[in-house]
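Take a look at the structure set out below.
The values are calculated or read from the model by the stated rules, or taken from the named source; none is laboratory data. All of these numbers come straight from a predicted model, not from anything done at the bench. Cβ atoms come from the backbone with ideal geometry, glycine included; neighbour counts cover every protein chain shown. The accessibility values were calculated without ligands, DNA or RNA, using every heavy atom of the protein model including side chains. Shrake-Rupley method; radii C 1.70, N 1.55, O 1.52, S 1.80 Å.
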Amino acid sequence: MTIPSGRSRTRFLVVVLALAALTVAGSVSVVTRTTNAQAAMGTLAAAVEDEGVDCAVSGLPDLGSLPTNAKLPDPFKKLNGTTITARSDWRCRRAEIKELAEKFVFGEKPAKPATVTGTVSNSTVTVNVAHNGRSSTFSARVELPSGTGPFPAVVVVGGFGADTATIKAAGAAVISYDPLAVGREGTPRTNKQGAFYSIYGSSSSTGLLAAWGWGVSRIIDVIEQSDGRILKADAMGVTGCSRYGKGAFAIGVFDQRIALTMPIESGSAGVPIFRGIPGEGAQSLSSAYGEQPWLGDAFGSFTGSPNRLPVDTHEMVAMVAPRGLFIMDNPHIANLGPRSASVAALGGAEVYQALGAGDNITYWSDVQDGSHCANRPEWRTPLQNNIRKFLLKTGNEPGVIRISSRALGRLADWRDWPTPVLADGPTTPPPTTPPPTTPPPTTPPPTTPPPTTPPPTTPPPTGGCAATVSVNQWTGGFVATVRVSAGTAPVNGWTVTMTLPSGASITSIWSANRSGSTGTVQFTNVAYNGAIAAGQSTEFGYQGSGTGAGMTPTCSTG
């Protein structure tokens, strides 16, 4: 069921109806749909990587002068404290948000290097880069659909994103991009590796997500320089899931030539608002920052204090506007932060609406339970619709917001700013009866969802270490978050031993090493979290199949 939200003046709102009317496959869904007189706006990608490169950005705050603000920053308020009044103002306001995102979250994504060359064939795109006396090379595999080119194309980050069969059946090519060739995981922040860091140095403060985005931008450079017989540079999409969903999101945020951005279940460091992650029980910011150098080095100052960030991910959603954005999420795994992701989508959608492009954003978490990164049937039709609209340019289906009640975020809880009416271009009058600004849920969500298995509250021992575990359980799987605490003396290296229930198996892990996947498993620290000061703690976690109930961890040092 969908609910029309009016014309361009009407804000994106989540409308809560009678529960029985919105029950889908046994779960309650919250659904809204946009209609917009300017449906064609934003269906074309920009002609350049960064339209705001000529904007004079000044007044960026310093790290030491950042105030604490529990509310989401106002995406419409410029650094000088004034609010934009026209749609034409967004270009340079976006440039300000980009500078904030680079300085405090991702690290700098450099502009096009001095020399970019390469080739495009039916099977491969090769990229050769030279800059400041350094060079690097990488390539990506191409799969063409049936028919005669040139074809639009979707970059699939890590070969792991939206259903490639559906993409090719819709008439778009698939470019399988290996991001690890450009920014390798498993490296320390002081010695980053890959094609990006061969150019800009292994100690670059730029994180992997921005580096991965730089790599896709260079692929687009090569396609632009080709003869255009195989791939269309002005009809590019990107998709990825999990950590590659984080990458797909960053790629679409920073390159305005991407016509359609499609992150899937991106989790912490992806779409979910940073401010919401601590209260949702998602993977902690310190864990996401420490697991891999995905985020820029500067973000390390905010892992315990996201309220000091002068930018948040709702503004990065807005940076994609007015281009196509299709966010796919999983409400059944709290570790992914789906409630915080829905808030990011709703906050960014306010900018889409103000720009007259509300039809160009879709957020969809109303899906049945299933494994992480599974191809879900609920997403097939909107995927086809978005490809037709933004890549093939043969469709005009409006964007849809479908948020599962299992992970319903309330934008009203997170903002204290209004959405302005922006001048420029054709406008439509507001509805005669304005909608409420706060859609109350039937039952307000708790600030912090309690874990299925609460950790004991006993303090750590006088010496050595102690471990507690909390479990978020769903049908067929769980996420365990383990806290390791030092006693009255510091710890330098720790081992946690835990016996998994019968039939349970570990499928992924972060911030720790493990000895196995089933039965009795020993978890040991990684390089960045082995040293714990007296009275302090660190966390690691893992996702598993089966049930995680009844696990009792023990901790030893050394």
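Quick query: amide H of THR124 versus all other amide H atoms, modeled in the peptide plane; which residues come in under 5 Å with a sequence gap of 5 or more or a different chain?
VAL142
Count the net charge of all other residues whose Cβ sits under 14 Å from the Cβ of ARG323, scoring Lys and Arg as +1 and Asp and Glu as -1.
Once all neighbours under 14 Å are counted, the net charge is -1.
Using a ≥ b ≥ c from the Cα gyration tensor of the stretch 149-230 (square roots of the eigenvalues), is it rounded, prolate or oblate, where a/c under 1.5 gives rounded and otherwise the larger of a/b and b/c decides, a/b for prolate?
Oblate shape, in that a/c is at least 1.5 and b/c is the bigger or equal ratio.
When the Cα centres of the stretch 218-245 and the stretch 125-157 are compared, how far apart do they sit, in Å?
Answer, in whole Å: 7.
Output ³J(HN,Hα) for the stretch 311-326: one whole-Hz value per residue in order, computed from phi by the Karplus curve 6.51 cos²θ - 1.76 cosθ + 1.60 with θ = phi - 60°, and x for Gly and Pro.
So the J values, rounded to whole Hz, are 8, 9, 6, 4, 6, 6, 4, 5, 4, 6, 4, x, 6, x, 9, 10.
Could you please put ASP297, ASP227 in sequence from largest to smallest accessible area, using a 1.4 Å probe?
ASP227, ASP297
Using θ = phi - 60° and the Karplus curve 6.51 cos²θ - 1.76 cosθ + 1.60, what whole-Hz ³J(HN,Hα) does each residue of the stretch 542-550 get, with Gly and Pro shown as x?
Karplus values, whole Hz, x for Gly and Pro: 8, 9, x, 9, x, 10, x, 6, x.
Could I have the simple spin-label model distance between LYS78 and THR488, label points 7 Å from Cα toward Cβ, reported in nm to one decimal?
My value for the distance between the label points is 6.0 nm.
Each residue of the stretch 260-268 in turn: what ³J(HN,Hα) in whole Hz from Karplus with 6.51, -1.76, 1.60 and θ = phi - 60°, glycine and Pro shown as x?
9, 10, 9, x, 10, 6, 7, x, 4
So, in nm, how far is label GLU185 from label ARG380 when the simple model puts each one 7 Å beyond its Cα toward the Cβ?
Label at GLU185, label at ARG380, 2.9 nm between them.
What figure in square angstrom, to the nearest 10, would you give for the accessible area of SER198 with a 1.4 Å probe?
60
Taking the Cα centre of each part, how many Å lie between the stretch 365-383 and the stretch 385-427?
With the stretch 365-383 and the stretch 385-427 each reduced to a Cα centre, they are spaced 19 Å.
Taking LYS77 as the anchor, which lysines have their alpha carbon closer than 21 Å to its alpha carbon, excluding any fewer than eight residues away along the same chain?
LYS98, LYS103
Need one number: nm distance between label points at ALA531 and ALA70, each 7 Å from Cα along Cα→Cβ, rounded to one decimal.
If labels sit at ALA531 and ALA70, their model points lie 3.4 nm apart.
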